[in-house]
Amino acid sequence: PILPARPAGVRSSAEARSAMASFLARATGAMDRVTKVALDISGLSVHEAEAPIPELTAYAKQDEQMRALYKCADTYIQRMNAMCEASTKLADVFHETVAAHPSLKAISAEFVNLQGLVNREHLALLGQMLHRKIFKPIRAEIEARKGLDARVAEHKKYKADFEAYKRRMGEALSKEPARREQISSELNAAQTQYDGRTMHLVAEAVEAVEARHKVVCKGLLALASIQHIFYHGAAESISNMLDGVRSSCASADFRGTSIVEMIDQSVGDCKAVREQIVQRLSGAPPPQGSSATSAPQPSNPLHMGQQQQQQQPPPPRQLTPPPQQQTQRQPSLL
């Protein structure tokens, strides 16, 4: 038959090429959708990677936390050692300053001796208990899990290889649909092997996480007990010293002011300031007739005849912290 004549206004060659490209794109998209449906039906869909394993993620996070805890505890013992050495040095300087006053020289000498003894005793306790309850258990736990760490790193590579294998099998299925049963069988066998290795590794990670939870719990309780003994013991020793001073210096005075009265004034000032700090931090309203932001009233002057003057306390000076003391550090875990 004779073809009809092409009507006027037919598409140009550029428009024809564009229409052909659009048709090919639609055909390719349809083929991809058909392939995806076939993969979904056969159970070989590989468009989504394996999800992260929560147990292994928790194990890795806990490992980082324990290493950070070890490092922080090492910094803590260094700072505590520096604080005790600074307090001992401060007591020594006070002793040298009041050496010319017989009424205070005996008290300052006793305080220096007590400060050195308390610091040495409690620092030794602090170091030994931290070593037994924090440093040694964490270091032993991390050393014992090096094999598990290597298996976790190996599993990451194994997982990447398995996902690449699944992608290759998907491409092979799209090219050779006739091999669907063979590819499905091979992929199912690989999936079973992957799941078995993963389950075994997850069981090890869960066991390690539980063991490390126990180590961390014991370390926390030990730290609370250590700090209680450290601060309570120091406070008790100094309190006993002040009680002894009250007994032995009941009649002593410093330029007209009783030594016992000076001690009581200092203790009273500390308690008043502490109450204001507690109220400010807790957000509780101040007591009636007082202001939370007002400074505590100064104690009675040393000179009994001196007129008491109300003045604002000077702003605190910016003190430069002393250089860090060179002490023995714990071995690094990194």
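The values are calculated or read from the model by the stated rules, or taken from the named source; none is laboratory data. The shown structure was predicted, so the numbers you read here are calculated from the model rather than taken from an experiment. Neighbour counts are summed over all protein chains in view; Cβ atoms, including those assigned to glycine, are modelled from backbone coordinates with ideal geometry. These accessible areas exclude ligands, DNA and RNA; they are computed on the full protein's heavy atoms, side chains included. Shrake-Rupley method; radii C 1.70, N 1.55, O 1.52, S 1.80 Å.
Worth a mention:
- Within the range 103-117, the residues that satisfy the criterion of being touching a residue at least 60 places away in the same chain (Cβ under 8 Å) and either outside any helix (DSSP H, G or I) or surrounded by 16 or more Cβ atoms within 10 Å (Cβ to Cβ) (or both) are LEU104, ILE107, PHE111, LEU114.
- Filter result (in contact with a helix residue (DSSP H, G or I) (Cβ under 6 Å, 6 or more places away or on another chain) and open to solvent by less than 70 Å² (accessible area, probe 1.4 Å)) within the range 173-189: LEU173, SER174, ILE183, SER184, LEU187
- Selected residue [modelled with pLDDT under 90 and surrounded by 12 or more Cβ atoms within 10 Å (Cβ to Cβ)] from SER237, SER251: SER237
- Criterion applied to ALA100, ALA86 was being out of contact with any Ser or Thr (no Cβ under 9 Å at 6 or more places or on another chain), more than 30 Å from ALA208 (Cβ to Cβ) and touching a residue at least 12 places away in the same chain (Cβ under 8 Å), and the one residue passing it is ALA86.
- Test result for LEU123, under 19 Å from GLY233 (Cβ atoms) and touching a residue at least 60 places away in the same chain (Cβ under 8 Å): no
- Per this entry, GLU236 is counted among residues that are assigned to a helix (DSSP H, G or I), among the charged types (D, E, K, R) and closer than 26 Å to GLN128 by Cα.
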